[in-house]
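Only the coordinates and a few stated rules stand behind these numbers; no lab work does. What you see is a predicted model; the values in this text were computed from it and never measured. Note that we place each Cβ from the backbone using ideal geometry, even for glycine, and neighbour counts take in every protein chain shown.
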Amino acid sequence: MLRDITLGQYYPADSVIHKLDPRVKLMATLVYIMSLFTFRGAAGFMLATVFMIVVIRLSKVPFSYMVKGLKTVIILMAITAVFNLFLTPGEEVLVHFWKLTITMEGLKNAVFMLVRLIYLIVGTSVMTLTTTPNQLTDGLEKALMPLSKLKVPVHAIAMMMSIALRFIPILIEETDIIMKAQMARGADFENGNIIKRAKNMVPLLVPLFVSAFRRADDLAMAMEARCYIGGEGRTKMKPLHYQSRDYLAYLFLIVYFAGIILLRIFLA
Amino acid sequence: MGIIKACKLVHEYIRRDEEGNVESIQTALNAVDLDIKAGDFVAVLGHNGSGKSTLAKHINALLEPSEGTLFVDGKDTKDLKYLYDIRRAAGMVFQNPDNQIIASVVEEDVGFGPENMGVPTKEIWQRVEESLKSVGMLKYRNHSPNKLSGGQKQRVAIAGVMAMEPKCIILDEPTAMLDPVGRKEVLQAVHTLNKKKGVTIVLITHYMEEVVDADYVYVMDKGSVVMQGTPREIFSQVDTLKEHRLDVPQITLLADELRKAGLPLPKGILTREELDAELVELYRRKACQSF
């Protein structure tokens, strides 16, 4: 039951996008999200679409994988669309019945918001589909390194993230074992109302936490035994270095964002 | 002086109440003397609570002696400036394979130790490859540790220690959580490291069968070393071992029972082959006498 949770959604393939430095992909995602809320008019919309299609094509990930992420936010999208549709005031009234009015502006807004949301989800899933959680952590660590001058424990945060990634499957498996053990003793995790069910979780959570703390203690000792003393003086087995393709990607990104801004200024 | 030398080593776990007053003192190690030669395969045997895991943690300088001294590779474990030298010289493998693997890819985990030591990237790759090869796990280098068996995970943990190029490896009940196949794999890997790379091995265990091939054995009970010697010397004293709540290998026990029943077998038979040979020899002599 708990086993089918997969972490991240990395889709292994041999593509340019997969090979890009994770920092580039993080930056690109950020810029793409900004561009989605910057573009205006059909031309800007076209540019964002073309950019997305090109990137998806380059990534060699099947389009169906991208769309999967949309399912989880379908309700959010519906609500956004409905609110925009009915609650935007405007001159040109298209439909009017009872207390509801749909204006031309409302229709436009609804469509654009919907498109923005869809592009947002698809765009970010390109990053998660082409980057392993480990690369992502590495990328974040290196990208945020300047913050360590402000005493932000960047290395520690990245280390915690990667350890969490390693232990989530183990803890899930353990939850499964404890659940079965408690069910064999008559615990009921499935019936009753929410409060009762939450109460029934106690015999699951207590042993799980105890064991998680014990694991943490063991792991800390194992790390210490292997000379771990934090980020200082540490070398990397897989250091991140920008390649020429990464600089090219940055250039591509700058051109794209400049295009979006220019279109907004001159065509609006 | 050997690579590991303990003189009157004492460790006390002190439990304090909220005000910091001493509530109880539990002596886990009581005046332990050890001398382990470089290149040896040494086993430390003991029942639960005999202090053997505490001893292991001392050798890795994870604990500080309450009294007495412990030298690892000629360095005093009390001296904080040698802390990392000691941990480099004496690597440690723990009981639970899951709780000592840090990364989510095998090769990255093996690289963790060298990364901490500040080894240059290129050399890390060499070390990782070499140590994975030495435990026979090279083809799993890109796997996730979650998908490996217990024995394989434990071998990855050993490779992780090997990549730090230690002179000595302490294994704290490395097979306690494994099935028989996994136990065999791990022991084989450890023996290979000892023979081919000359790494000193300190194997802490309560499985008698794992001790048979060791060069030297220490038996611990209630925090003290109660017996020491070669496996043959140790296992020839079946009754003393039983006093310390330890068994002997089944074959040794069988030979002992046979001897008690009147067969003139020598003491300290350790393997099936030895017992075989002795029995055949005995039968032959008997046959000669009767004719």
- Just in the range B:191-263: which trypsin sites (Lys or Arg not before Pro) are loop by DSSP and have at most 16 other Cβ atoms within 10 Å? B:Lys197, B:Lys222, B:Arg245
- Message: What does the net charge come to around A:Val61 if you take all other residues with beta carbon closer than 14 Å to its beta carbon, with K and R at +1 and D and E at -1?
- Response: +4
- For the range A:120-134, Karplus-derived ³J(HN,Hα) couplings (6.51, -1.76, 1.60; θ = phi - 60°; whole Hz; x for glycine and proline) come out as 4, 5, 5, x, 6, 6, 4, 5, 5, 6, 10, 10, 6, x, 5
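Let me have the 222 nm mean residue ellipticity of chain A computed from DSSP H runs of 4+ only, each contributing -39500 (n - 2.57), with the sum over all residues rounded to the nearest 500.
-23000 deg cm²/dmol
Can you give the % of DSSP beta bridges in the protein assembly as shown that are antiparallel, to the nearest 5?
Bridges in the protein assembly as shown are about 60 percent antiparallel.
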- B:Ala31 versus B:Glu233, label points 7 Å from Cα toward the beta carbon: distance in nm? 2.0 nm
- Task: Report, by chain and number, residues whose modeled amide H sits under 5 Å from the one on B:Tyr216, excluding near sequence neighbours (fewer than 5 apart, same chain).
- Result: B:Phe41, B:Ala43
- Along the positive direction of the dipole of the range A:80-174 (beta-carbon charges: Lys, Arg +1; Asp, Glu -1; about the Cα centre), which of A:Thr132, A:Leu144, A:Ala81 reaches farthest? A:Leu144
- Query: Nearest 20 debye, what's the magnitude of the dipole of the protein assembly as shown about its Cα centre given +1 on Lys and Arg Cβ and -1 on Asp and Glu Cβ?
  - Reply: 1840 debye
- What is the distance in Å between the Cα centres of the range B:237-288 and the range A:116-164? 64 Å
- Query: To the nearest 10 degrees, how steep is helix A:74-87 against the longest Cα principal axis of chain A, on a 0 to 90 scale?
  - Reply: 30 degrees
- Tell me which aspartates and glutamates have Cα within less than 15 Å of A:Lys60's Cα, excluding those fewer than 8 residues away on the same chain? A:Asp14
- Item | B:Ile4 long-range amide H proximity, modeled H, under 5 Å | B:Ile36, B:Asp73
- Query: What value, in deg cm²/dmol to 500, does the helix sum -39500 (n - 2.57) over DSSP H runs of n ≥ 4 give at 222 nm once divided by the residues of chain B?
  - Reply: -11000 deg cm²/dmol
- Going from the fewest other Cβ atoms within 10 Å to the most, one would list B:Cys7, B:Cys168 as B:Cys7, B:Cys168
- Just add up the charged neighbours of A:Thr38: K/R +1, D/E -1, any other residue whose Cβ is under 12 Å from the Cβ of A:Thr38. +3
- Ranked A:Thr130, A:Thr72, B:Thr205, criterion: other C-beta atoms within 10 Å, fewest first: A:Thr72, B:Thr205, A:Thr130
- Using modelled backbone amide H atoms (1.01 Å from N, in-plane), which distant-in-sequence or interchain residues come within less than 5 Å of B:Asp76's amide H? none
- Task: Order by neighbour count: B:Arg15, A:Arg226, A:Arg197, fewest other Cβ atoms within 10 Å first, most last.
- Result: B:Arg15, A:Arg197, A:Arg226
- Output ³J(HN,Hα) for the range A:99-108: one whole-Hz value per residue in order, computed from phi by the Karplus curve 6.51 cos²θ - 1.76 cosθ + 1.60 with θ = phi - 60°, and x for Gly and Pro. 9, 9, 10, 10, 9, 4, 4, x, 4, 4
- From the backbone phi of the range A:232-242, what are the Karplus-calculated ³J(HN,Hα) couplings (6.51 cos²θ - 1.76 cosθ + 1.60, θ = phi - 60°) in whole Hz, Gly and Pro given as x? 5, x, 8, 9, 10, 6, 10, x, 8, 10, 5
- Message: Can you tell me what share of the DSSP beta bridges in chain B is antiparallel? A percent to the nearest 5 is fine.
- Response: 55 percent
- Message: Less than 10 Å Cβ to Cβ from A:Thr130, Lys/Arg counted +1 and Asp/Glu -1: what total charge do the surrounding residues give?
- Response: +3
- Item | Given 11 as the ceiling on other Cβ atoms within 10 Å, longest exposed-site-free region of chain A for chymotrypsin sites (Phe, Trp or Tyr not before Pro) in DSSP loops | A:99-268
- Task: Please get the size of the charge dipole for chain B, origin at its Cα centre, with Cβ charges of +1 on Lys and Arg and -1 on Asp and Glu, quoted in debye to the nearest 20.
- Result: 780 debye
- When we measure straight from the Cα of A:Lys68, which aspartates and glutamates land under 17 angstrom away, once same-chain ones fewer than 8 places off are left out? A:Asp4
- Item | Cβ-placed point charges (K, R +1; D, E -1), dipole of the range B:170-291 about Cα centre in debye, nearest 20 | 340 debye
- Message: Placing +1 on the Cβ of each Lys and Arg and -1 on the Cβ of each Asp and Glu in chain B, which of B:Gly160, B:Gly268, B:Thr175 has its Cα farthest towards the positive end of the resulting dipole?
- Response: B:Gly268
- Longest chain A segment clear of GluC sites (Glu not before Pro) sitting in DSSP loops (not H, G, I, E or B) with at most 11 other Cβ atoms within 10 Å runs A:93-189
